[in-house]
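What follows draws every value from the coordinates through simple rules; no lab data is involved. What you see is a predicted model, and the numbers here were worked out from it, not measured in a lab. All Cβ positions, glycine included, derive from the backbone under ideal geometry; neighbour counts span all protein chains shown.
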Amino acid sequence: AGRERRTSDVVVIGAGPAGLMAARTAKAQGLSVTVLEARRRVGGRTWNGLVEGTDGKDHFIEIGGQWISPDQTRLISLVEELGLPTFSRFRDGRNVYVDPRGERHVYDGLDFPVAEKTDREMDRLIAKIDELTAEIDAAAPWEHPRAAELDKISFRHWLEQQSDDPEAIDNVSIYIASGMLTKPSHTFSLLQALLMSASAGSFRNLVDEDFILDKRVEGGMQSVSLAMAAELGDDVVLGQPVRTLRWAEPDPSTADEKNGVAADVRNGVAHDGAAGDVVALTDDYEVHARYAVLAVPPNLYSRISFEPPMPREQQIAHQHISMGLVIKVHAVYETPFWREEGLSGTCFGGGRLVQEIYDNTNRGENPAGGAPGEEDPHGTLVGFVSDVYAEQMWALPEEERKAAILGAMAEYLGPRTLEPIAFFLSDMAAEEWTRGAYATSYDLGGLSRWGHLQNRPTGPIHYACSDIAAEGYQHVDGAIRMGEAAALAIAEREATDAGQPTG
Ligand code: FDA
């Protein structure tokens, strides 16, 4: 049987927050849309889950992205508009820090209880990073006059040039390396690190967990995508990976006949290509449109066959963008026992197997039966195992892995941590349509060489994803902003085209 044919003004590839926001915005601009999603669900890297406990009950977890910070204003206003209630992360009580010698310290406030010298070093490093961050335009870090220079030194190497205090270096690098890009700090550049902090306003914001991990959506962050998809109805088609995207007719007058390559494409002329006949092919559908929004993470662009091929600079650039790797650990307990000891559940230990832990107890209505506005009596902890440690953990048999991770969490919160009633590890790296977590970043030197291409439309193809965002880079807020911006750019092109005489 042939493919079912659909026609719309815009075809959106990917029904994560970016793609759904693009579709919603395009529709509001009077354009018809079809959203093609590879998975059998919407939401992409946001995903509400249930894990069965030893008590025989299901417990609610957020497998993917969940927290909202106060600067993420576009997401905040969308959440309000969709009528989704939010709540604050539990943070009452004292925090726990485990130092490089494995010694446990209980402390108040934001500053780690480190030696005075290390404290001063951390302050000095943070001030230095923020000085540089202030010079960076998150929308175009490659335009910084010293972009190439800042992009040719790894974040780790740069920190080691600034300080000889390894504890200070570990504690500062955690906020960008294991905490955000989820890659070792020697694998990405200082410029990439500065983009990360500029996208959140400042490095100090990243250090402030009460800022960066402020609120959650009752019933989970995937609800944002579920609500948008419900509005879009039949415009969203699930279980249909786009395999091929036809986006331009090679111009026969410029075709390089000997080699069978359209010279205009090779030379990048197609960048200025008009809206045209875009055809997105899945196993069951062919969608004809005037524009495409490619709303998938950049590491997956090459899963699609582009006809004609993408301009060569894009083909090269896309190979220098890769996903980080992190395991989000979910441990559910009979009660939030740490609160009995006056602890917040917030824990840090730079360089340790589990480097961060937070109280992630649910509130509100959710698929496990929570009631609106009410806190779940069970206590949930989330912890994070990043990059090299994640690899080590996945190499272990399941029971050893669980024991190692819970053991590392017990270093902070004591032996009761070892006895969860439910346990789950988020494994986005094993998901075909994500292949890592949380998001993508460039390799050393890549951002200054190719960053300027990431948001430039290729003919009728516009790009939208959190991973190419300025504000909200790597976050749901960035996805929403990019989806909206792509749809508005298309609407503007449509209006311009309509105003022009044809023929
Ligand atoms: P996203 O990846 O979400 O969606 C892309 C969609 O495209 C997917 O649905 C995919 O299936 C689909 N797709 C891919 N290829 C396709 C093809 N060929 N054809 C059709 N469809 C295709 N953010 C935050 O703000 N706060 C947080 O606390 C966290 N924490 C966090 C934890 C974990 C474990 C993860 C993995 C991620 C986060 N994030 C986060 C990041 C956040 O989840 C992420 O930035 C957004 O989901 C990105 O949304 P996008 O729509 O850009 O991509």
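Quick notes on this structure:
- Cβ-Cβ FRET estimate between THR496 and ALA403, R0 fixed at 45 Å, reported to 0.05: 0.15
- Remark: the ARG303-ILE316 segment gains 3.2 nm on full extension, using 0.36 nm per residue and subtracting the alpha carbon distance.
- Centre separation in Å (Cα based) which lies between segment 270-332 and segment 480-496: 17 Å
- Sequence-distant residues sharing a close amide H with ARG94 (under 5 Å, placed H): LEU343, SER344
- Alpha carbon centroid spacing (whole Å) that separates segment 24-44 from segment 357-383: 30 Å
- Contact order relative to length of the chain, as percent, for alpha carbon pairs under 8 angstrom and 6 or more apart: 26 percent
- Size of charge dipole - segment 15-131 - debye, nearest 20, with Cβ of Lys, Arg +1 and Asp, Glu -1, no other charges: 600 debye
- Extended-chain gain in nm, criterion 0.36 nm per residue less alpha-carbon gap, ASP234 and SER32: 71.6 nm
- Paramagnetic reach from ALA371 in segment 324-344 [backbone N under 20 Å; point 7 Å along Cα→Cβ]: 334-336
- Beyond 22 Å in Cα-Cα separation lie the following of the pairs LYS128/LYS152; LYS117/LYS152; LYS183/LYS328; LYS57/LYS402: LYS117/LYS152.
- Separation of alpha-carbon centers, segment 138-166 and segment 60-110, rounded to whole Å: 28 Å
- Taking the convex hull of Cα positions in segment 156-254, its mean projected area over all directions (nm²): 12.6 nm²
- Using the Cβ-Cβ distance between GLU143 and LEU82 with R0 = 45 Å, the FRET efficiency computed as 1/(1 + (r/R0)^6) comes to roughly 0.80.
- Relative frequency of Cα-Cα separations exceeding 18 Å in segment 45-198, percent: 70 percent
- Under the shape rule built on the C-alpha gyration tensor, where the axes satisfy a ≥ b ≥ c, segment 302-416 is prolate, since a/c reaches at least 1.5 and a/b is greater than b/c.
- Computed about the Cα centre, the dipole magnitude for the chain is approximately 940 debye when only Lys and Arg (+1) and Asp and Glu (-1) carry charge, each at its Cβ.
- Square roots of five times the Cα gyration tensor eigenvalues for the chain, Å: 40, 27, 19
- Working ranking of peptides 288-295, 235-242 by packing, defined as the average number of other Cβ atoms within 10 Å per residue, highest first, is 288-295, 235-242.
- Estimated purely from DSSP H runs of n ≥ 4, each contributing -39500 (n - 2.57), the mean residue ellipticity at 222 nm for the chain is -9000 deg cm²/dmol once divided by its residues.
- Counting only DSSP beta bridges with both residues in the chain, the antiparallel share comes to about 65 percent.
- Cα Rg over Rh - segment 375-503, Kirkwood: 1.17
- With 5 Å bins beginning at zero, the pair-distance distribution over Cα atoms of segment 88-176 amounts to 2, 11, 19, 20, 16, 13, 9, 7, 2 %.
- Measuring r between the beta carbons of ARG243 and ALA127 and using R0 = 51 Å, the FRET efficiency lands at 0.55.
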